[in-house]
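Here the structure comes first, spelled out in structure tokens, and everything after it is commentary.
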Amino acid sequence: MQLNHAQRELTLKIVYYGPGLSGKTTNLRQLHARAYPEVRGRLLTVDTHDDRTLFFDLLPVFFSTSSGFKVKVKLFTVPGQVIHNATRRIVLQGADAVVFIADSRHGATAENNAYWRNLQDNMKENGLDPVQVPVVIQFNKRDLPDARTDAELEEARKRGGEAVVGAVALKGEGVLETFHAVAQAAYRRLDARAHLARNVGLTELEFLSQVFGRMDLSGTALAGRYAAVTRDEQVGGGR
């Protein structure tokens, strides 16, 4: 988290991590498409010839709080290929929360586990405490053969301390729900550390309402939960 009292700016960083082709880029593209144009930055991608993200995507979401603080929520993905571990470590620096995108298929279990260990190692290399930094696990590709069942996802929830969300990112299913889970977890951790509600005047409800009130929530489990922020209320000065 970057908190600049002089410029009244707060920046949060959320990183999407996981194996290659697990759906990290698809998640960010879906989120970018759902965000109001007035508050979303450019979606920057660098793809190789085999259509894998080589570096990272950057999605800044901007809004201003009732107390006048400009808030930026920056979303990154890491490259999935094994050879780009150094880049993954760099992108992970300073993360306030992480989404781990796993392939739901049983055949992908070994690779998921390898990248989970890689995440833990790179967090430690960056001085991030894996116990303290919130992680949300998304089991993507639930529509494919050999995918984990609902009962198996429930077992995963019970086995670990992380929130678990099922998804079919290509269809937009579970994408916003995953983002909501990680945004909420990130806020709660930062509020515990920096007392955002008291020092910045930003409550959890306002934070989530400002973000998700500026996104198209239709067809998701979040529909109707947050009132849409009208264009008259948009504040684009955080860029």
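The values are calculated or read from the model by the stated rules, or taken from the named source; none is laboratory data. All of these numbers come straight from a predicted model, not from anything done at the bench. Quick reminder, even Gly has a Cβ in these numbers, built from the backbone with ideal geometry, and neighbours come from all protein chains shown. Please note that ligands, DNA and RNA were not included when accessible areas were found on the heavy atoms of the full protein model with its side chains. Shrake-Rupley method; radii C 1.70, N 1.55, O 1.52, S 1.80 Å.
Being more than 22 Å from L3 (Cα to Cα) and open to solvent by less than 10 Å² (accessible area, probe 1.4 Å): is that true of A151 here? It would help to see each step written out before you state the result.
Values: more than 22 Å from L3 (Cα to Cα): yes; open to solvent by less than 10 Å² (accessible area, probe 1.4 Å): no.
Here the answer is no, as A151 does not meet what is asked.
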* Asked: For residues in region 64-90 being open to solvent by less than 10 Å² (accessible area, probe 1.4 Å) and touching a Pro at 6+ places or on another chain (Cβ under 9 Å), which is modelled with the lowest pLDDT?
  -> G80
* Out of all the residues in region 89-101, is one or more among the small types (G, A, S), farther than 29 Å from E206 by Cβ, under 17 Å from the mean Cα position of the chain (by Cα) and part of a strand (DSSP E or B)? -> no
* Asked: How many of the residues in region 68-88 are not charged (D, E, K, R) and not in a helix (DSSP H, G or I)?
  -> 11
* To do: Considering (1) crowded, with 19+ Cβ neighbours inside 10 Å; (2) more than 24 Å from D216 (Cβ to Cβ); (3) free of Cβ contacts under 8 Å to residues at least 40 places away in the same chain, say which one L119 fails and leave the rest.
  => (3)
* Test: residue in region 130-140 that is buried (at least 18 other Cβ atoms within 10 Å of the Cβ), out of contact with any helix residue (DSSP H, G or I) (no Cβ under 8 Å at 6 or more places or on another chain), aromatic (F, W, Y) and under 19 Å from T26 (Cβ atoms) -> no
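Is at least one residue of region 95-106 closer than 17 Å to E173 by Cβ, polar (S, T, N, Q), open to solvent by less than 40 Å² (accessible area, probe 1.4 Å) and touching an Asp or Glu at 6+ places or on another chain (Cβ under 8 Å)? Please lay out each step first, then the result.
The initial filter retains those residues of region 95-106 that are closer than 17 Å to E173 by Cβ, namely 99, 101-105.
Add one more test, that the residue is polar (S, T, N, Q), and what stays is 104.
Still in the running and open to solvent by less than 40 Å² (accessible area, probe 1.4 Å): 104.
Those left that are additionally touching an Asp or Glu at 6+ places or on another chain (Cβ under 8 Å): none.
No, region 95-106 contains no residue that is closer than 17 Å to E173 by Cβ, polar (S, T, N, Q), open to solvent by less than 40 Å² (accessible area, probe 1.4 Å) and touching an Asp or Glu at 6+ places or on another chain (Cβ under 8 Å).
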* Test for K158: is it more than 21 Å from the chain's Cα centre (by Cα), surrounded by fewer than 20 Cβ atoms within 10 Å (Cβ to Cβ) and more than 21 Å from P60 (Cβ to Cβ) -> yes
* Asked: Name the residues in region 186-204 that are among the hydrophobic types (A, V, I, L, M, F, W, C) and open to solvent by 30 Å² or more (accessible area, probe 1.4 Å), would you?
  -> A192, A197
* **So T109, is it within 17 Å of the chain's Cα centre (by Cα) and either not in a loop (DSSP other than H, G, I, E, B) or not hydroxyl-bearing (S, T, Y) (or both)** => no
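Within region 1-27, track down each residue that is part of a strand (DSSP E or B) and within 13 Å of F139 (Cα to Cα).
Across region 1-27, the qualifying residues are Y16, Y17.
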* Which of (1) under 25 Å from G166 (Cβ atoms); (2) not in a helix (DSSP H, G or I) does A114 not meet, given it meets every other one? -> (2)
* Search region 125-138 for residues that are at pLDDT 95 or above and pair each with any residue that is open to solvent by 70 Å² or more (accessible area, probe 1.4 Å) when their beta-carbon atoms are under 7 Å apart and the residues are at least 6 apart or on different chains. => E125/R89; N126/R89; N126/Q93
